[in-house]
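Here is the structure we will look at, set down as structure tokens.
The values are calculated or read from the model by the stated rules, or taken from the named source; none is laboratory data. The structure displayed is predicted, hence computed values, not measured ones. Cβ sites come from the backbone with ideal geometry, for glycine too, and all protein chains shown count toward neighbours.
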Amino acid sequence: MDAPDHEEGVTSQAKIRRFVIAASQSTGFNFQCESLQGEQPARAGRFSTAHGEVRTPAFMPVGTQGTVKAVSPAQLAEIAPEVILGNTYHLGLRPGDALVAKLGGLHRFMAWDGPILTDSGGFQVFSLSSLRKIREEGVTFASHIDGSPQFLSPERSMEIQRNLGSDIVMALDECPPGQLERPKLEASMARTTRWLERCRKSPLDPHQGLFAINQGGTHLDLRRDHLHQILELDARAPFQGFAVGGLSVGEPKEAMNATLAEFVRELPMDRPRYLMGVGTPEDLLFGMEQGVDLFDCVLPTREARHGRLLTSRGRLNLKNARHRESDRPADPDCACYTCRTFSRAYLHHLLRSGELLGSTLNSIHNLSYTVQLTRAGRQALLEGRFPDFARRTRELWNTEEP
């Protein structure tokens with residue numbers, strides 16, 4: 001990265017266009033857009049939650065079952081993500097949202113005092129395919145744990161998330177697969193709108209903010225139609241943010257990018273914009289260029305467990321024999337605990353030996369790199385040099401051997 005971690009040192013010479021677009025005071029989140037780059041949609045912003053301020057753009061590590069895989073809360077605190085995720089489907093089944101509530105909520109349960117976003121559970125339920133049945137009331141499905149019958153409705157999703165006590169609550173949507181034929185996609189969108197209205201009518205705790213999810217696949221006209229439906233509901237009582245769902249679910253990357261390039265800027269400017277389930281370094285950089293504020297993905301920790309590292313010089317495969325005697329850090333430009341402490345040779349040894357520490361150290365690095373990529377992008381936006389930052393980042397990925 002070629003930018004510092006923090007915002008000190010920003011000068012008037014940076015010619016930053018700063019302005020505030022405050023959401024309705026009733027939202028409580030009060031999103032502020034701090035920087036725009038000329039006519040480009042890329043932006044830096046911030047909003048408040050009961051558990052701290054969130055500075056954007058930001059990558060959110062995924063803690064599906066109340067833990068970011070292989071990483072302790074203390075290690076995660078050093079990485080310092082703005083937000084982390086928990087999952088309604090998994091935590092509702094095990095250990096159960098009522099138990100989490102009894103023990104003080106998800107923040108206390110997992111010993112994390114920063115902002116938490118909880119997914120609605122929709123993506124997990126709809127990915128079960130043969131194990132679930134969709135009705136207007138909700139979705140019946142078989143638990144992946146023991147096969148027991150379960151039911152998830154908009155009201156139940158809100159109840160689980162209220163019990164978990166997350167700061168950002170996601171509405172339950174129907175998440176269709178990529179390349180779904182248009183008539184079925186239109187029917188799915190209509191159900192998502194009806195479910196969104198039911199989600200909004202369900203009680204949440206005062207500190208919780210509800211994000212609406214936009215669907216429509218790669219059809220721009222359907223995306224716009226669905227956004228219009230959401231904004232009609234928003235006019236009656238504002239949502240605290242808007243998410244783009246239904247991408248990175250099997251459609252070609254070119255189609256996803258074309259949709260983002262045309263559509264993200266049409267989302268309301270006065271609320272956070274969240275691109276769901278997208279997290280490769282290339283996708284993060286492209287998303288930031290289009291004005292996305294929040295990202296999440298399991299990719300950094302999943303790749304780490306297989307010995308594949310994300311670095312400022314491109315991807316690094318620790319299985320390769322050339323790392324066996326290398327005394328170099330995984331990424332010489334990274335200041336994470338892994339890179340400042342251990343050699344590639346040691347990480348290669350842990351991977352070959354099947355040691356659990358390898359997954360932890362690799363995950364610390366991949367999460368640090370991914371969080372820092374969005375943080376450096378934010379700094380570049382504040383200093384008015386984002387196009388140069390994006391160009392240089394891509395040059396390093398494409399021209400230098402990791």
Response to the item:
Taking the range 336-348 and the residues there that are in contact (Cβ under 8 Å) with a residue 12 or more places away in the chain and not hydroxyl-bearing (S, T, Y), the one that is surrounded by the fewest Cβ atoms within 10 Å (Cβ to Cβ) would be A345
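Quick grid of which residues meet (1) among the basic types (K, R); (2) surrounded by fewer than 19 Cβ atoms within 10 Å (Cβ to Cβ); (3) at positive phi; (4) touching a helix residue (DSSP H, G or I) at 6+ places or on another chain (Cβ under 9 Å):
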| residue | (1), (2), (3), (4) |
| --- | --- |
| A258 | no, yes, no, yes |
| A261 | no, yes, no, yes |
| M269 | no, yes, no, no |
| G279 | no, no, no, yes |
| F286 | no, no, no, yes |
| F295 | no, no, no, yes |
| P300 | no, no, no, yes |
Item to complete: Please work out which residue is surrounded by the fewest Cβ atoms within 10 Å (Cβ to Cβ), limiting yourself to the range 349-400 and to residues that are under 19 Å from L316 (Cβ atoms), touching a strand residue (DSSP E or B) at 6+ places or on another chain (Cβ under 8 Å) and not polar (S, T, N, Q).
Response: E400
Item to complete: Test each condition in (1) under 30 Å from S35 (Cα atoms); (2) touching a Gly at 6+ places or on another chain (Cβ under 8 Å); (3) buried (at least 19 other Cβ atoms within 10 Å of the Cβ) for L318 and report the one that comes out false.
Response: (1)
Worksheet item: Can you name the residue in the range 321-334 that is in contact (Cβ under 8 Å) with a residue 24 or more places away in the chain and under 20 Å from T393 (Cα atoms) and is also surrounded by the most Cβ atoms within 10 Å (Cβ to Cβ) among such residues?
Response: A330
Worksheet item: In the range 319-334, is there at least one residue being touching a Ser or Thr at 6+ places or on another chain (Cβ under 7 Å), closer than 21 Å to V71 by Cβ and small (G, A, S)?
Response: yes
Practice prompt. Select from the range 171-201 the residues that are part of a loop (DSSP other than H, G, I, E, B) and not aliphatic (A, V, I, L, M) and write down the one among them that is surrounded by the most Cβ atoms within 10 Å (Cβ to Cβ).
Written response: D173
Fill in: Whichever residue in the range 167-209 is small (G, A, S) and closer than 20 Å to V244 by Cα and, among such residues, is modelled with the lowest pLDDT
G178
Worksheet entry | Q215, sole failed condition from (1) of a type outside the set (F, W, Y); (2) in contact with a Ser or Thr (Cβ under 6 Å, 6 or more places away or on another chain); (3) more than 21 Å from E136 (Cβ to Cβ) | (3)
Item to complete: Could you figure out which of (1) under 22 Å from A243 (Cα atoms); (2) assigned to a loop (DSSP other than H, G, I, E, B); (3) out of contact with any Gly (no Cβ under 9 Å at 6 or more places or on another chain) isn't true of A111?
Response: (1)
